[in-house]
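The values are calculated or read from the model by the stated rules, or taken from the named source; none is laboratory data. These numbers were taken from a predicted model, which means no experiment stands behind them. Backbone-built Cβ (ideal geometry, glycine too); neighbour counts: all protein chains shown.
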């Protein structure tokens, strides 16, 4: 039996991002399309960063998750255009990042992307907006390191791109 | 070789060799944040390399994969600009090399966003977002260390003196670029040079560093002529796949 694409999307909503497992690949906004081509389920995925090491793992995880649901013919395709933006992270995804201790990216990325000093982050621990950037890169290419001037804790900020 | 293949290799080889050089800082940079930053930037560059090699391999039509292009070509077959193969002498050199590259790479990627070649346009529109972050970091550090202590300024000036002549190789062009410009694949590259000159002049002024005025320029990397460091880089980068050519993860 062939599940409809909404059901498949629900399933994909349970596939975690390998680097930030608090958020799913659907929350991240990288699943661009799900559809049937004859008896093959095709999932279009857009990479976050060109060199993100998680990209290959994500494709494998999606395929594995769908096979576990009983789908036999699954194809994960890479879609390059339009390029991924952090604006595509869902509101649920942003909340999950925050709960996980990562400050979510500033919205309307096109206005500030590429310039860290144009972006601000509230501390995910105490909520203070009195924070400062420490370094443009964090534990992954997509994050920067910030510090809260009030509670003094360091934290990751998901850069707008 | 086809002009499109040559151009994609010139771009991809340049990002690959810089990515390889940059990744070597992992575990060695003076502070943890910059250690992570260099390693992460190397990832971006190697990811972009993959995209350039995919376009090259498809245009070439010989069934080679991006890995074949990275690991099974010899020194004279690599078409990277000489700048990126200059050694990791110290943090100042690595940073200056990165900044000079970024000062060219950003306007180049911005120009390629208007390419008439769809795959190149898609690549550029993706990469340009990453490259903006690269120059945002390297420019900031050039200014902080140039306009810093006597020691940091002296180190940054020494790095600029050593590396500036090689920046010319990033912008060296020949019949390959002319052919692609005539086909609409490449935009007018003169504006990339103008953007590079404006960017570096403004930043070096803020950093209180002097751009060498002697006019020395080193070119040749984009036709396969390399400096003495290149063989060592390839030996390290290619050693495992050449020793075990059929190995799989």
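Checked across region A:59-66, the condition of being within 14 Å of chain B (Cβ to nearest Cβ), under 30 Å from residue B:31 (Cβ atoms) and at pLDDT 90 or above holds for no residue. Within the bounds of region B:128-143, is there any residue that is assigned to a helix (DSSP H, G or I), modelled with pLDDT of 95 or more and more than 30 Å from residue B:31 (Cβ to Cβ)? No, that holds for no residue. Screening A:137, A:152 for residues that are within 18 Å of residue A:49 (Cα to Cα) and either touching a helix residue (DSSP H, G or I) at 6+ places or on another chain (Cβ under 9 Å) or more than 10 Å from every other protein chain (Cβ to nearest Cβ) (or both) leaves exactly one candidate, A:137.
Could you run through region B:1-36 and say how many residues are part of a helix (DSSP H, G or I), touching a residue at least 24 places away in the same chain (Cβ under 8 Å) and touching a helix residue (DSSP H, G or I) at 6+ places or on another chain (Cβ under 6 Å)?
18
Residues of region A:48-103 that are more than 24 Å from residue A:121 (Cα to Cα) and in a loop (DSSP other than H, G, I, E, B): A:50, A:51, A:53, A:69, A:70, A:71, A:72, A:73, A:79, A:80, A:81, A:82.
Only one of A:136, A:118, A:113, A:122 is more than 30 Å from residue A:37 (Cα to Cα) and touching a residue at least 24 places away in the same chain (Cβ under 8 Å); which?
Details: A:136 fails: touching a residue at least 24 places away in the same chain (Cβ under 8 Å); A:118 fails: touching a residue at least 24 places away in the same chain (Cβ under 8 Å); A:122 fails: touching a residue at least 24 places away in the same chain (Cβ under 8 Å).
On inspection, the qualifying residue turns out to be A:113.
This table checks each residue for (1) under 30 Å from residue A:52 (Cα atoms); (2) without any contact (Cβ under 8 Å) to a residue 12 or more places away in the chain.
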{"position": "B:130", "(1), (2)": "yes, no"}
{"position": "B:138", "(1), (2)": "yes, no"}
{"position": "B:149", "(1), (2)": "no, yes"}
{"position": "B:153", "(1), (2)": "no, no"}
{"position": "B:168", "(1), (2)": "no, no"}
{"position": "B:184", "(1), (2)": "no, no"}
{"position": "B:192", "(1), (2)": "yes, no"}
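Condition (residue is more than 10 Å from every other protein chain (Cβ to nearest Cβ) and under 19 Å from residue B:95 (Cα atoms)) applied to region B:29-45: is it met by at least one residue? Looking for residues that are more than 10 Å from every other protein chain (Cβ to nearest Cβ) and under 19 Å from residue B:95 (Cα atoms), one finds at least one in region B:29-45, hence yes.
The set of residues in region B:59-95 being without any contact (Cβ under 8 Å) to a residue 12 or more places away in the chain and in a helix (DSSP H, G or I) consists of B:68 alone.
Among the residues making up region B:49-58, those that are free of Cβ contacts under 8 Å to residues at least 60 places away in the same chain and crowded, with 24+ Cβ neighbours inside 10 Å are B:49, B:53, B:56. Could you list all residues from region B:97-147 that are facing chain A (nearest Cβ under 10 Å), in contact with a helix residue (DSSP H, G or I) (Cβ under 6 Å, 6 or more places away or on another chain), over 15 Å from residue B:34 (Cβ atoms) and surrounded by 22 or more Cβ atoms within 10 Å (Cβ to Cβ)? Selection gives B:106, B:123, B:124, B:127, B:130, B:131, B:135.
Reported count of residues in region A:21-47, each being in a loop (DSSP other than H, G, I, E, B) and either touching a residue at least 60 places away in the same chain (Cβ under 8 Å) or surrounded by fewer than 16 Cβ atoms within 10 Å (Cβ to Cβ) (or both), is 9. Scan region A:31-51 residue by residue and report those that are in contact with a helix residue (DSSP H, G or I) (Cβ under 7 Å, 6 or more places away or on another chain) and within 14 Å of another protein chain (Cβ to nearest Cβ). Those that are in contact with a helix residue (DSSP H, G or I) (Cβ under 7 Å, 6 or more places away or on another chain) and within 14 Å of another protein chain (Cβ to nearest Cβ): A:45, A:47, A:49, A:50, A:51.
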